[in-house]
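The next block holds one structure in the form of structure tokens; read it before the comments.
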């Protein structure tokens, strides 16, 4: 079976994949009626999430311009298209065995930026970089399921899993798993900055700017249109918006939703809104008091006014969530779980079960976590007072927030783009021992179901298990997830694009490769 044209169809492994992410929607003027793409021009991007600690080591990737840039410098084995489907990228084709335990990827004829041909050795080094005891990769937990990776000649790579995984093809599209060259000893030469993508890395000033230059020999003839691209790290949403208005940049992510109505009125500015899997989080360390008591966690979940956040922080660009990371755009979204509504009296009742009349906690936040995070924290502070919960909002520095606060402080705020599959999201953040288990959560039943659901080929049984897992995360988990967030980007009329992907903002973080000069 060849996945190049039709995707994986064995026993319905990926049936219904088109529903995993929603298609892009362009507002308010029709950007689709653009001339055909052509080579040339410069592209300047203002993006949040940059930090002076950024490196081009894919094991350290979290978010920001460095990830967007390296997804243009490099390719994955598989990419997610604008319809939410997994498509072979650096892999020419891929297929599982009958149990979805052995996955075989045929590598296409492509070269790195220095002219070297990519081989199975490079693919193996790129994945092994995230495996083993010594790796620092946030994606380590995702690859725990891999028992062995081996070459079958120069252009075939075989992944042997510990148990079947119907979604493994999708998992290789994770931005950590970009393919870079191997050193002679089999380790990854990430320091070279080389990839098989449409651009080469010219300059990287961490937390400031990244400069790219187009390759003329890129194997995708219909991608990588700009001559050069500059990505600027602009953490403040107002500053990003002003940079777009004044012409300093051509595109931005996360404009200030508080003033977005003014931005929509400006001539020559387009908004790009997509509905996908993004969500805001407030992780609590389940192994640190008082969050080690599930009653305290539930009290906080009932003390937050979710609809108020949708209205006041998102300005309607999102919807209420229910403390589970699985979004309506996901395949197995559990729509019928009891909703955690704002209910101060119920919150008080859970405090009493925890033996408390009042609760005092400190919440660390910064607008680096997400646009409007400080406002969201203050809204939570106000709504929680009615339940006898006193939240001390501590505003942290924006620079270094992801390295100094997230995963370090016991109660903070965060942001996830989500993932196209339930298994990927759960394995990365909620499974026992995962590097990015931001709530230090460990639930035996959940961990048991995670392995069973991953290997289950019966669609109905798989749905039942993922529904139960969403319930466990919602009721017992250590993370408050108040809202799902629509991606909102903006660009000027100097750039154009086709249908945009909904798996992440910025066209699935692939705008450098997919967009072109208007």
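One chain, two ends: residue 353 and residue 312. Fully extended at 0.36 nm per residue, the span grows by 11.6 nm beyond their Cα-Cα distance.
Please list 180-190, 146-156 highest first by mean number of surrounding beta-carbon atoms within 10 Å per residue. Mind showing how you got there, number by number?
Values: 180-190: 16.5, 146-156: 13.9.
Order by mean packing, descending: 180-190, 146-156.
Give the shape of the chain as rounded, prolate or oblate, defined through the alpha-carbon gyration tensor: a ≥ b ≥ c are the square roots of its eigenvalues, a/c under 1.5 means rounded, and otherwise the shape is prolate if a/b is larger than b/c and oblate if not. Kindly include the intermediate steps, with their values, before the conclusion.
Numbers: a/c = 1.72, a/b = 1.22, b/c = 1.40.
Oblate, since a/c reaches 1.5 and b/c is not below a/b.
The ranking of 176, 261 from fewest to most other beta carbons within 10 Å of each one's beta carbon is 261, 176. Taking every DSSP beta bridge that has both ends in the chain, the antiparallel portion is near 80%. By the beta-carbon count within 10 Å of each Cβ, the least crowded to most crowded order of 317, 415, fewest first, is 317, 415. Please identify which residues in the stretch 227-248 have an amide N closer than 11 Å to a label point set 7 Å out from the Cα of residue 203, following the Cα→Cβ vector. Inside the label zone: 230-231. Determine the distance separating the Cα centre of the stretch 174-191 from the Cα centre of the stretch 305-365; give it in Å without decimals. Computed from Cα coordinates, the inter-centre distance equals 40 Å.
Mean residue ellipticity, 222 nm, helices only, the chain: the sum of -39500 (n - 2.57) across DSSP H runs of n ≥ 4, divided by residue count and rounded to 500, is -7000 deg cm²/dmol.
What percent antiparallel are the DSSP beta bridges of the stretch 279-485, to the nearest 5? Present the calculation step by step, with values, prior to reporting the outcome.
Values: 10 of 18 bridges.
Percentage antiparallel, nearest 5: 55.
Ranked for footprinting exposure by Cβ neighbours inside 10 Å, fewest first, 204, 130 give 204, 130.
Relative contact order of the chain, taken over Cα pairs closer than 8 Å and 6 or more residues apart, is 24 percent. Would you give the gap between the C-alpha center of the stretch 81-159 and the C-alpha center of the stretch 204-245, rounded to a whole Å? Cα centroid of the stretch 81-159 versus Cα centroid of the stretch 204-245: 27 Å apart.
None of the figures in this text is laboratory data; all of them are computed from the coordinates on show. Values in this document were obtained by computation on a predicted structure and should not be read as measured data. Glycine also receives a Cβ, built like all others from the backbone with ideal geometry; neighbour counts cover every protein chain displayed.
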